[in-house]
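The values are calculated or read from the model by the stated rules, or taken from the named source; none is laboratory data. Here the structure is a predicted model, which is why all the values come from computation and not from measurement. Counting neighbours? That spans all protein chains shown, and the Cβs are built from the backbone with ideal geometry, glycine included.
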Amino acid sequence: MRRISVFVLGIAAVACTKDSGAVNDAGNSPEVTTAGQAITAAGLLQHIKDLADDSLEGRGPGTPGEDKAVAYMESQFKALGLKPGNPDGTFIQQVALIGYTSHPTASFTAGGKTVALKFPDDYVANSRHNRKETKIANSDIVFVGYGVVAPEFGWDDYKGVDVKGKTVIMLINDPAVPAAGAMASKTGETSAADLEHLDPAMFKGKAMTYYGRWTYKYEMATLKGAAAVFIVHETAPAAYGYNVVRSSNSIEAIDVVSPDAETRVPVEGWITLPKARELFAVAGANWDSLHAAATTKAFTPLALNAKANVAVKMDVRTIASRNIVARLEGTDKKDEYVVYTAHWDHLGRNTSLKGDQIYNGALDNASGSSMLIEMAKAYSALPTPPRRSILFLSVTAEEKSLLGAKFYASNPLYPLDKTAANINMDGVNQWGRTRDFTVIGLGNSTLDDVLTAVLSADGRVVRPDQEPEKGFYYRSDHFEFAKKGVPALDPDDGIDFIGKDSTYGMKKRDEYTAKDYHQPSDEVKPDWDLSGAVEDGRVLFRVGLIVAQRDALPEWKPGNEFKAKRDSMMTRKQ
């Protein structure tokens, strides 16, 4: 889960005609209102409790918990009378994964001194290669700033340096380029205040681009032939503490089986900021000044007088995982689809922990999976199906880098040029009703225009992402659809809670991130109030119907990075 988020969307009636003008975007027909009442707090809570129960052991892919989660989702879809979503007549899309459990040892040496690294407290490291052990011995270490090559910004953090066979160390997120009049941090760490004063013309300013994602950084290091990559963790730009990195990467890593896996950089890792400082100090380099220099185009990579030694012993296994797919068949446009997604997986069980070892993932994402069931219940209650078919897609391995969604988008059961939109649900609002609704990447597509009108009709407002520097658009399943060109909405909870003071929403958000996100404590809480989740879910249900009923398909807006992909796809279709 990229964080707590609910797809909170707005309103519509759904006149079942071929005339797009007959779709009343500001109405609530009695039939739709009645069907929407199938979404209830009691139903939602019971599904969450069932999916987050200790007996599912954290719903880890390839574990007995997967078997139970898949059986639960499939049984719920069958009970609603939905059709199998796979054209082969089943509710299952087989997803071939490979699991890697790493047992790394690592150290840096410089100036006759050794910087000891303790796993997973100081660093994490993995290798996505199908072999028992990967060793990197006496590898030269190069600091490559942010590890970004972005020609459109005139940016190259690798300029003039060959890093083949070397270990590269880089900063997290996009280059934090200061705005005119502002200065780069001289403390050797990017603070929340620094993020408020970035150049909007460079890497979208405060908003993260794909260049800031750790996946991109590993991909670029692979292209450059590096032997190992270590990203230096910083809390403010990452949007979470190192505890999240540790818990997410000290257990089994999973990836889609791929023929080009062996071409990836051999070692992928993270290190803490204190350990990075220690390394640079013993290597005779000034971390603070280099951190500041990396925020400029003039930065050049620095070869440290230091070596890296890393050995990653691997337990490797193949995993036959599953996406669950159910279908509500449409009418005259039944060969086109609106796809609702929610990931069923979480982090599983970590037997090395003392006390509670189960990552129940109640919010992340038993809640989104439960809303997917409730959404299917509402659609099943309609007296007449919508024009387009509705696909309910419960995907695996989101927590392992969106793998179930990645697999579906690369192996779609229905053509992507026939896929009208993706609506993703990664969590629900558990703290009550809100007046607003946050859209991550507001303005990306014409879906936002529908949403804005819908919320206005309901007396609610659209709010842009309050934390664009954290790159949430790239951190949940909808992103895999967007990369392929399918218009995808990325929603998040509102923060203006009815009956609460103006600071309540962000306080609860920050509290969850600090205490429960990717921790065993993500469980159903006594103070949960699902009234807002129910209201949001019913609205989401009606908005999906607008997309399913209209003649015109949603489109990306000019300037969006995914528009060319969609335009090319639709041109070929014609």
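Quick look at the values:
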{"quantity": "Scan of region 334-373 for residues that are surrounded by fewer than 24 Cβ atoms within 10 Å (Cβ to Cβ) and among the acidic types (Asp, Glu), ordered by number", "calculated": "Asp335, Glu336, Asp356"}
{"quantity": "Out of Asp522, Asp510, Asp501, sole residue that is among the acidic types (Asp, Glu) and part of a helix (DSSP H, G or I)", "calculated": "Asp510"}
{"quantity": "Residue match in region 351-369 (condition: in contact with a Leu (Cβ under 7 Å, 6 or more places away or on another chain) and within 16 Å of Ser75 (Cα to Cα))", "calculated": "yes"}
{"quantity": "Elements of type helices (runs of 4 or more DSSP H) contained in region 179-293, each with 3 or more residues being among the small types (Gly, Ala, Ser)", "calculated": "287-293"}
{"quantity": "Candidates Val149, Val161, Val142, filtered to the one that is surrounded by fewer than 19 Cβ atoms within 10 Å (Cβ to Cβ), more than 26 Å from the chain's Cα centre (by Cα) and under 22 Å from Val232 (Cβ atoms)", "calculated": "Val161"}
{"quantity": "Tabulated pairs, region 21-48, first surrounded by 15 or more Cβ atoms within 10 Å (Cβ to Cβ), second among the charged types (D, E, K, R) and modelled with pLDDT under 90, C-beta under 6 angstrom, 6+ apart or interchain", "calculated": "Val32/Arg542; Gly36/Arg538; Ile39/Arg538"}
{"quantity": "Residue within region 217-229 that is assigned by TED's automatic domain parsing to the domain that holds Arg128, within 24 Å of Asn444 (Cβ to Cβ) and of a type in the set (Lys, Arg) present", "calculated": "yes"}
{"quantity": "Residue ranges of helices (runs of 4 or more DSSP H) in region 359-474 with at least 1 members in the same structural domain as Leu328 (by TED's automatic domain parsing), within 26 Å of Leu530 (Cα to Cα) and among the charged types (D, E, K, R)", "calculated": "368-380, 447-457"}
{"quantity": "Residue that is surrounded by the most Cβ atoms within 10 Å (Cβ to Cβ) [pool: residues in region 433-487 that are among the small types (Gly, Ala, Ser) and closer than 25 Å to Leu393 by Cβ]", "calculated": "Ser476"}
{"quantity": "Single residue of region 425-481 satisfying the filter (small (Gly, Ala, Ser) and under 20 Å from Tyr504 (Cβ atoms)) that is modelled with the lowest pLDDT", "calculated": "Gly459"}
{"quantity": "Residue satisfying all of: in region 274-313; among the β-branched types (Val, Ile, Thr) and crowded, with 22+ Cβ neighbours inside 10 Å; farthest from the chain's Cα centre (by Cα) among these", "calculated": "Val310"}
{"quantity": "Some residue of region 344-360 being in contact with a His (Cβ under 6 Å, 6 or more places away or on another chain) and not small (Gly, Ala, Ser)", "calculated": "yes"}
{"quantity": "Selection status of Ala12, out of contact with any strand residue (DSSP E or B) (no Cβ under 9 Å at 6 or more places or on another chain), of a type in the set (A, V, I, L, M), at pLDDT 95 or above and farther than 15 Å from Leu363 by Cα", "calculated": "no"}
{"quantity": "Qualifying residue in region 260-273 (condition: surrounded by fewer than 21 Cβ atoms within 10 Å (Cβ to Cβ), in the same structural domain as Ala308 (by TED's automatic domain parsing), at positive phi and not β-branched (Val, Ile, Thr))", "calculated": "no"}
{"quantity": "Answer from Ala298, Ala285 - the residue that is among the small types (Gly, Ala, Ser), assigned by TED's automatic domain parsing to the domain that holds Val257 and closer than 24 Å to Ala227 by Cα", "calculated": "Ala285"}
